[in-house]
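**Q** Supplied in C-alpha cells, the structure appears directly below.
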Amino acid sequence: MSEMKKYLLIRMLTTVLVGIALGILFILLDGAFFARVVFIIFAVIFIIEAILALFSEVVRKNIFLLIANILSIVLAILLIFFQETFVRIIVGVYFIAVPVVFLILRRDHFKEEFKEQLPKLVVGVLVLVLGLGTFVDLLLDIVGWLLILGSIVYLVLGCISLSKHD
C-alpha cells in the first residue's frame with residue numbers, strides 16, 4: 001500500500017470515527033436538557049444586555065426605552081423559569097402565524113407559497129403538540145442518525161474509491 005493510500009485511509013477512518021461519535025453523542029443528548037441550557041444562556045445574555053441598556057437609558061431619561069428594557073429583563077427571567085410553556089407557545093404560534101399571514105397575503109400564488117411555508121407550519125405544530133424538549137430531542141436524534149449513516153456511506157464509498165486506485 002502506498003504512502004498516499006495510507007494517508008487517505010487514515011484521514012477517512014478519522015472522519016468516519018468522528019462522525020459516528022458525534023452521531024452517538026447527538027442521539028444520547030437529552031433534548032429537553034439541551035434546550036433548557038441553551039435558553040438559560042440566551043436569557044442570561046438578554047438580562048445582562050438589558051441591564052446595561054437600562055443604565056444608559058436612566059441617564060438619557062427615555063421612559064419608553066426604560067420600560068422596554070425592564071420588560072426585556074422580566075421576559076428573560078420568565079424564559080429561565082417557565083421555558084417549556086413560554087417558549088412552546090411563542091415558538092409554536094410564531095411558526096404557525098407567520099406562514100398563515102404569508103399565505104393570506106400571497107393567496108394569488110398560494111400553491112408556491114404553501115410549498116415554501118409548509119416546513120414552518122410543520123415545525124410550529126410539532127412544537128405546540130410535542131413541546132420544545134421533545135422536538136429538540138427528535139431533531140438531535142435525526143441529526144445523530146444522519147451523521148452515523150453519512151459516515152458509513154462515506155466509509156463504503158471511500159473504500160471502493162481506494163480499492164480502484166493502485
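The values are calculated or read from the model by the stated rules, or taken from the named source; none is laboratory data. None of the values given here were measured: they were computed from a predicted structure. Here the Cβ positions follow ideal geometry from the backbone for every residue, glycine too, while neighbour counts run over all protein chains shown.
**Q** Taking the stated definitions as given, is residue 111 assigned to a helix (DSSP H, G or I), in contact (Cβ under 8 Å) with a residue 40 or more places away in the chain and not hydrophobic (A, V, I, L, M, F, W, C)?
**A** No; evaluated as a whole, the condition is false for this residue.
Yes/no per residue for (1) under 25 Å from the mean Cα position of the chain (by Cα); (2) crowded, with 16+ Cβ neighbours inside 10 Å; (3) under 24 Å from residue 136 (Cβ atoms):
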| residue | (1), (2), (3) |
| --- | --- |
| 43 | yes, yes, yes |
| 57 | no, yes, no |
| 94 | yes, no, yes |
| 105 | no, no, no |
| 110 | no, no, no |
| 115 | yes, no, no |
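**Q** Only one of these is in contact (Cβ under 8 Å) with a residue 40 or more places away in the chain and under 30 Å from residue 144 (Cα atoms): 40, 89, 96. Name it. Break it down into steps so the answer makes sense when it comes.
**A** Values: 89 fails: in contact (Cβ under 8 Å) with a residue 40 or more places away in the chain; 96 fails: in contact (Cβ under 8 Å) with a residue 40 or more places away in the chain.
After applying the criteria, what remains is 40.
**Q** Then there's this: Does segment 26-36 contain any residue that is surrounded by 12 or more Cβ atoms within 10 Å (Cβ to Cβ), touching a helix residue (DSSP H, G or I) at 6+ places or on another chain (Cβ under 6 Å) and outside any helix (DSSP H, G or I)?
**A** yes
**Q** Test each condition in (1) surrounded by fewer than 14 Cβ atoms within 10 Å (Cβ to Cβ); (2) more than 21 Å from residue 17 (Cα to Cα); (3) in contact (Cβ under 8 Å) with a residue 12 or more places away in the chain for residue 146 and report the one that comes out false.
**A** (2) is the only condition that residue 146 fails.
**Q** Give 102, 95, 86 a once-over and let me know the one that is at pLDDT below 85, in a helix (DSSP H, G or I) and touching an Asp or Glu at 6+ places or on another chain (Cβ under 9 Å).
**A** Going through 102, 95, 86 in turn, the sole match is 102.
**Q** Tell me whether segment 51-64 contains one or more residues that are within 28 Å of residue 127 (Cα to Cα) and in a helix (DSSP H, G or I). Break it down stepwise before answering.
**A** Here is the first cut: in segment 51-64, the residues within 28 Å of residue 127 (Cα to Cα) are none.
No, there is no match, as no residue in segment 51-64 is within 28 Å of residue 127 (Cα to Cα) and in a helix (DSSP H, G or I).
**Q** Only one of these is in contact with a Phe, Trp or Tyr (Cβ under 7 Å, 6 or more places away or on another chain) and among the basic types (Lys, Arg): 111, 120, 115. Name it.
**A** Going through 111, 120, 115 in turn, just one is in contact with a Phe, Trp or Tyr (Cβ under 7 Å, 6 or more places away or on another chain) and among the basic types (Lys, Arg): 120.
**Q** Test residue 73 against the stated conditions and say whether it is at negative phi and modelled with pLDDT of 80 or more.
**A** For residue 73, the condition - at negative phi and modelled with pLDDT of 80 or more - is met.
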